[in-house]
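The values are calculated or read from the model by the stated rules, or taken from the named source; none is laboratory data. These numbers come from a predicted model, not from an experiment. Neighbour counts run over all protein chains shown; Cβ positions are idealised from the backbone, glycine included.
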Amino acid sequence: MSLTPPERETVITFSDEDEIATVHTHQRKVITKLRNNPAAEQIEDISFQGTAGAVFEIPADRISFRGPKTKRKMSSAQAAALKKMQATRAA
């Protein structure tokens, strides 16, 4: 029996004093990203009953919490000014 979706989680541990963050994860997407990241080092395999799992160490300054990308909302006047500026650059 493998882990259920709520059980497949990622936990990141670091403090102001530490230069290294520890990442415990059972999420395949996160494991793949960390394995492809040259700054991350896998230190343990924690696979559980057919569910992939791993522990990584990565420099704490490489941890980032970014929000979702948002589209900029412009008024019609701003959109027209932007179009004019782009046309001027292209010419």
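Considering only residues that are loosely packed, with under 13 Cβ neighbours inside 10 Å and more than 14 Å from the chain's Cα centre (by Cα), which ones fall in the stretch 3-13?
Result: T4, P5, P6, E7, T13.
Filter the stretch 1-19 down to the residues that are of a type in the set (G, A, S) and at pLDDT 90 or above and list them by number.
Start the filter on the stretch 1-19 by keeping residues that are of a type in the set (G, A, S), which leaves 2, 15.
If the condition is that a residue be of a type in the set (G, A, S) and at pLDDT 90 or above, then S15 is the only one that fits.
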